[in-house]
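S.K.: Pasting a structure here, questions to come.
The values are calculated or read from the model by the stated rules, or taken from the named source; none is laboratory data. Everything numeric here is computed off the predicted structure, so don't read it as measured data. Reconstructed Cβ throughout: ideal geometry from the backbone, glycine too, with neighbour counts over all protein chains shown.
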Amino acid sequence: MRKKARFSSLPTASGAIARAAYGRALEARLEVEPLLKSSSLTPQQIKNSQVRMPVKNQIRFLSLVAKELPDPFLGIHLAEGIELREMGLPYYVIASSETLGDALRRLARYSGLTNEGVRITCHEGKDITVKFEYVGVSRLSDHHQILSTRTDSLCGACPETMTSSTRMANIDIALPRRCRC
């Protein structure tokens, strides 16, 4: 007997970055309806910030908007313009932390609530390492959009938690060797 796939097995996200891309597409006067339809998204999903959306649909929508603009770095450009408080829970988890280490540990713990398609882990040793991994979606389907946004937002939010004695010495971003970017 074949098991039926459970809907809860599809990773979902709050959709904040898709909504930002929608706003950018409207500003550029793109025809958004066909882009939404090709992404299996509806105007109602995009316009209601309380509605979660499948991560793969969000990724598809960002890719289509990036292609139409054209803007291969759309995720980074959107993150630069996002008010950090609009990130919701991840921002408040970071901002309420007393130290950078606490902020990163808390982010790793709670980030799955806003985007089930990205797992964040934090390892502390001589350096603090934050690792982003895709869950339930192909990394190659993203074209750097979601992780670019997450990384940029993280870099923007963390300095707000640092005291004057804390110094961020380096931010290194590495992709796995098997990545064909």
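S.K.: Confirm whether ALA103 is under 13 Å from the mean Cα position of the chain (by Cα), under 17 Å from PHE132 (Cβ atoms) and of a type in the set (A, V, I, L, M, F, W, C).
M.R.: Judged against the criteria, ALA103 is not a match.
S.K.: Could I ask something else about it? Out of the residues in the range 91-101 meeting the condition of being touching a residue at least 12 places away in the same chain (Cβ under 8 Å) and not aromatic (Phe, Trp, Tyr), tell me which one is surrounded by the fewest Cβ atoms within 10 Å (Cβ to Cβ).
M.R.: The qualifying residue surrounded by the fewest Cβ atoms within 10 Å (Cβ to Cβ) is GLU98.
S.K.: Out of all the residues in the range 46-65, which are of a type in the set (A, V, I, L, M, F, W, C) and either part of a helix (DSSP H, G or I) or surrounded by 16 or more Cβ atoms within 10 Å (Cβ to Cβ) (or both)?
M.R.: Once the filter is applied, which keeps residues that are of a type in the set (A, V, I, L, M, F, W, C) and either part of a helix (DSSP H, G or I) or surrounded by 16 or more Cβ atoms within 10 Å (Cβ to Cβ) (or both), the range 46-65 yields ILE46, MET53, VAL55, ILE59, PHE61, LEU62, LEU64, VAL65.
S.K.: Pull out all pairs, ordered by first then second residue, where Cβ-Cβ is under 9 Å, the residues are six or more apart or on different chains, the first lies in the range 64-78 and is over 13 Å from ARG19 (Cα atoms), and the second is surrounded by 15 or more Cβ atoms within 10 Å (Cβ to Cβ) and of a type in the set (Lys, Arg).
M.R.: LEU69/ARG24; ASP71/ARG24; HIS77/ARG24
S.K.: While we're on this one: Evaluate the range 47-57: report whether one residue or more is of a type in the set (Lys, Arg) and either in contact (Cβ under 8 Å) with a residue 60 or more places away in the chain or in contact with an Asp or Glu (Cβ under 6 Å, 6 or more places away or on another chain) (or both).
M.R.: Scanning the range 47-57 turns up at least one residue that is of a type in the set (Lys, Arg) and either in contact (Cβ under 8 Å) with a residue 60 or more places away in the chain or in contact with an Asp or Glu (Cβ under 6 Å, 6 or more places away or on another chain) (or both).
S.K.: Which one of LEU10, LEU35 is modelled with pLDDT of 90 or more, on the phi < 0 side of the Ramachandran plot and out of contact with any Lys or Arg (no Cβ under 7 Å at 6 or more places or on another chain)?
M.R.: LEU35
S.K.: Out of (1) within 15 Å of TYR22 (Cα to Cα); (2) surrounded by 13 or more Cβ atoms within 10 Å (Cβ to Cβ); (3) free of Cβ contacts under 8 Å to residues at least 24 places away in the same chain, what's the single condition that is false for PRO43?
M.R.: (2)
S.K.: Mind checking whether some residue in the range 79-100 is closer than 30 Å to GLY125 by Cα, of a type in the set (A, V, I, L, M) and more than 16 Å from the chain's Cα centre (by Cα)?
M.R.: Taking every residue of the range 79-100 in turn, at least one turns out to be closer than 30 Å to GLY125 by Cα, of a type in the set (A, V, I, L, M) and more than 16 Å from the chain's Cα centre (by Cα).
S.K.: Still on this structure, I have one more. Would you confirm whether or not the range 66-82 contains a residue that is at negative phi, of a type in the set (Lys, Arg), at pLDDT 90 or above and assigned to a helix (DSSP H, G or I)?
M.R.: The answer is yes; a qualifying residue exists.
S.K.: Something else now. Among what's in the range 107-133 and is among the small types (Gly, Ala, Ser) and under 11 Å from PRO90 (Cβ atoms), pick the residue that is modelled with the lowest pLDDT.
M.R.: This residue is GLY112.
S.K.: Please go through the range 42-59 and pick out each residue that is under 16 Å from LEU30 (Cα atoms) and under 17 Å from the mean Cα position of the chain (by Cα).
M.R.: ILE46 - this is the single residue of the range 42-59 that is under 16 Å from LEU30 (Cα atoms) and under 17 Å from the mean Cα position of the chain (by Cα).
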